[in-house]
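The structure appears below as structure tokens.
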Amino acid sequence: MPYKEKPIEKLYYTIGEVSEELDVNPSLVRFWAGKFPDFIKPARNKKGNRLFTAKDMANFKVIYYLVKERGMTLDGAARRMKDNLTGEDKRVEVISMLTAIKERLQGISAALDSKGKEGGNEGN
């Protein structure tokens, strides 16, 4: 049986990595961390920098989805997350998977289009 290497998952993410992943400013990440203390609990290193866990990152994605994409208020998003304490909102996970699939299909389509144009010029 061949050895399958598991993808390495980080234990902690810096505020810059979180903001880059969500494509938002680090100040917004700090703001959300303060507004959602029940869901985002950053650890701090010796320098005092915030370090976020994978669970925090998943919660940030849920907050981003609810606030930025659904247009909910911060209070509404907090209520929604409290109602969903049994597990993280799976819609965000599904949306991210569908987005990745869409990007792959668009890449395949673009590759096929470029091959079709190259092949179509030979007959002229």
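Structural remarks
- Within the stretch 23-54, if we keep just the residues that are closer than 22 Å to I95 by Cβ and at pLDDT below 90, the residue that is surrounded by the fewest Cβ atoms within 10 Å (Cβ to Cβ) turns out to be A54.
- Matching residues in the stretch 55-68 - criterion: being farther than 14 Å from L11 by Cα and either buried (at least 16 other Cβ atoms within 10 Å of the Cβ) or touching an Asp or Glu at 6+ places or on another chain (Cβ under 7 Å) (or both): N59, F60, K61, V62, I63, Y64, Y65, L66, V67
- Taking the listed residues E9, E17, the one that is surrounded by 15 or more Cβ atoms within 10 Å (Cβ to Cβ), closer than 23 Å to T99 by Cα, within 17 Å of the chain's Cα centre (by Cα) and not β-branched (V, I, T) is E17, with no other qualifying.
- Yes/no for I101 being assigned to a helix (DSSP H, G or I), at pLDDT below 90 and surrounded by fewer than 15 Cβ atoms within 10 Å (Cβ to Cβ): no
- In the stretch 4-81, counting only helices (runs of 4 or more DSSP H) that sit wholly within it, the ones holding 1 or more residues that are free of Cβ contacts under 8 Å to residues at least 12 places away in the same chain and among the aromatic types (F, W, Y) span 26-35.
The values are calculated or read from the model by the stated rules, or taken from the named source; none is laboratory data. Fair warning: this is a prediction, and the values are worked out from it, not measured in the lab. Using ideal geometry, Cβ is built from the backbone for each residue, glycine included, and neighbour counts are taken over all protein chains shown.
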